[in-house]
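The values are calculated or read from the model by the stated rules, or taken from the named source; none is laboratory data. Note that the structure is predicted; figures quoted are calculated from it, not measured. Every residue, glycine as well, gets a Cβ built from its backbone with ideal geometry; the counts of neighbours run over all protein chains shown.
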Amino acid sequence: MEKFKFDTVILGGGPAGFSAGIYAARGAVSTAIVDISMLGGQPSNYLELENYPAMKRIGGYDLMEKFEEHADMFGVQKFPMQEIESVDLLSNPKVIKTKEAEFEAKTVIIATGASPMKLGVKGEQEFVGRGVSYCAVCDGSFYQDKVVAVVGGGNSAVEEAMYLTKFASKVYLIHRRNELRADKIIQQRAFNNEKMEFVWDSVVEEINGTDTVENVVLKNVKTGEFSNLKIDGIFPYIGMNPNVENINGQIEQDSRGFIITDETMKTSVDGVYAIGDVRNTPLRQVITAASDGAIGAVYAVKYIETLKEVTV
C-alpha cells in the first residue's frame, strides 16, 4: 500500500473540492484531492448551467473540466476512484485509508457533497435502472417518445423535467404542494412547455411494473384519494442527503447529517473544514460550493501556518 503525506487532503473533487485545491495550492501547501469516483462531482452530469458568472451558458462537464485544468496549473495532486475504507479526523496527523493508499494530512477539507434522497416507497429500489433514475442527463435518452414523471418542485426537479421533454412525449411533474419552489424564470419556462403536465398536492405511494416501471400510485395529500398514473419512468428530485458515511460521529452534524461549520468553514474539530453541499448551508449551487472552497482552503492554510509556529 502506498503512503502519502500532504499538508491538506481534500475529500471530493467537485466544484468545492477543486476550488479548495486551487486556493490551498496557491497558499504554498502540498495539496491532494481524493475522490471515490471520477472527478467533477454532480455538475458533470448537468446538461448546462446558465447562472455561473461569466460563463453565460456552459455544459456542466465542460465547466468542471475548466475547474480541473485550473487546479492542474497549480500542481494539485489528484487521486480519483479511491474506495475509502476509513477516515480518522481526530488523530494528528489526520489519516485517510483507501483500498489503494494511505494519506496523512495536517488538515482535511471535506467536500464529499450530497446524494439524491430516495422516495422510500415500495418498488423504488426494485426498479432502479429499470424505470427509476436519479439522473435525467444520464438516462433521458432511454425514454424517447415515452411518458415519464419527475417528483419534486425545486430548481433541479423543474430543470430536469424540462430536459426530459427533449426525449419523452409527456413529462408529469408531481409535487406535494400546489406551487413550485423553483426560481420564477424556471417556473415560467416549464409552464410554457407543452409537453409538461403538473400533478399538484400529490405524493408517490408505490411504484409498480413487471420488468420495468409501468405505473405509480399517487396520493392526494389534501383529499386522501389514491390514483394510478401510467408512466414508463420516474425521476425523483426531492432533496439531498450528505455523503458522510466515513465521517459520522467524529464532528458536529445537524439532524440530517449535514456538517456544521462556522463562517470560516471550520468544523468542530481543529484542522478539519467542510465545504459545499456536505455542510449545513442555505444554498447548494456551483457558485456557493466554489466560494466555500476558497474560504475553507484559505483558513486551512492559516491553520497549517500556526502549526509551523508551534514547532519552531
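Observations, loosely collected:
- Subset of the range 34-51 that is farther than 16 Å from V158 by Cα, of a type in the set (S, T, N, Q) and not in a loop (DSSP other than H, G, I, E, B) - its residue that is nearest to the chain's Cα centre (by Cα): Q42
- Subset of the range 79-96 (residues that are charged (D, E, K, R) and surrounded by 18 or more Cβ atoms within 10 Å (Cβ to Cβ)): K94
- Every residue from the range 150-172 that is assigned to a strand (DSSP E or B) and farther than 22 Å from P43 by Cα: K170, V171, Y172
- Number of the condition not met by T281 [criteria: (1) farther than 30 Å from V150 by Cβ; (2) β-branched (V, I, T); (3) at pLDDT below 95]: (1)
- Which listed residue is over 30 Å from K56 (Cα atoms) and not polar (S, T, N, Q), from I304, I275: I304
- Here the condition is being free of Cβ contacts under 8 Å to residues at least 24 places away in the same chain, over 17 Å from the mean Cα position of the chain (by Cα) and not in a strand (DSSP E or B); of G140, G120, it holds for G120 alone.
- Residue count for the range 64-104 under the criterion of being closer than 23 Å to Q42 by Cα, part of a loop (DSSP other than H, G, I, E, B) and among the aliphatic types (A, V, I, L, M): the result is 2.
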